[in-house]
1. How big is the charge dipole of segment 1-86 about its Cα centre, in debye rounded to the nearest 20, if each Lys and Arg gets +1 on its Cβ and each Asp and Glu gets -1 on its Cβ?
2. Towards the positive end of the charge dipole of segment 5-103, with charges on Cβ (+1 Lys, Arg; -1 Asp, Glu), say which of GLN31, THR62, GLN6 has the farthest Cα.
3. When a/c reaches 1.5 or more, the comparison of a/b and b/c decides; with that in mind, is segment 5-103 rounded, prolate or oblate per its Cα gyration tensor?
4. Expected output is a single nm value to one decimal: the length gained when fully extending between ASN32 and ARG119, i.e. 0.36 nm times separation in residues minus the C-alpha distance. What is it?
5. Each residue of segment 82-96 in order: what ³J(HN,Hα) in whole Hz does its phi give by Karplus 6.51 cos²θ - 1.76 cosθ + 1.60, θ = phi - 60°, with x for Gly and Pro?
6. Using the basic label-point model (7 angstrom from Cα toward the beta carbon), what is the ASP47 to ALA97 distance in nanometres?
7. Long-range amide H contacts for VAL36: which residues qualify at under 5 Å (H placed 1.01 Å from N, peptide plane, sequence gap of 5 or more or a different chain)?
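Coordinate-derived values only; no laboratory data. Since we're looking at a predicted model, the values are computed, not measured. Cβ coordinates were reconstructed from backbone atoms using ideal geometry, including for glycine residues, and neighbour counts include every protein chain displayed.
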Amino acid sequence: MSDAIQVSETVRVPAGALTVRAVRASGPGGQNVNKVATKIDLRVDLDAIEGLPEPARDRLRTLARHRLDADGRLVVTSQVARNQARNLEDAREKVRALIAAALVRPRRRTATRPTVSARACVGPPPPIQVLWSCAQDGSV
């Protein structure tokens, strides 16, 4: 069993939420690639992550929607190195980075004013206006 992954001071992935499996990797390694299981398949139970607020948990599920298995666990693989230990560290770093990205609240979009030429094209601005009238009548 792996050690816990510390994402921030308050958020951590306990060791019990991690499932590590080593499988045979493709790619470089010569004849050794057929004998040694160096690719790491790391699965994380998202419900077991400690200290993760519910909005961040929802953002994590959205960010990782293509990496979830049928049980709802996050699946991360790594085969960048020919060494199992390095691949495990790489997979753990990928999990930490993904959870850290989910902790960042997205900025709200600030509504901006249309440009002067866009306002001149359509006249006084209604609440929502598609600016196709300029292109259609050729006034600009």
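1. 560
2. Ranked along the dipole, the leading option is GLN31.
3. Prolate is the answer for segment 5-103, as a/c is 1.5 or above and a/b outweighs b/c.
4. That pair, ASN32 and ARG119, stretches by 24.6 nm at full extension.
5. With the stated coefficients, segment 82-96 comes to 8, 10, 5, 5, 5, 5, 5, 5, 5, 5, 5, 5, 4, 5, 4 Hz.
6. Output for this residue pair reads 2.9 nm.
7. none
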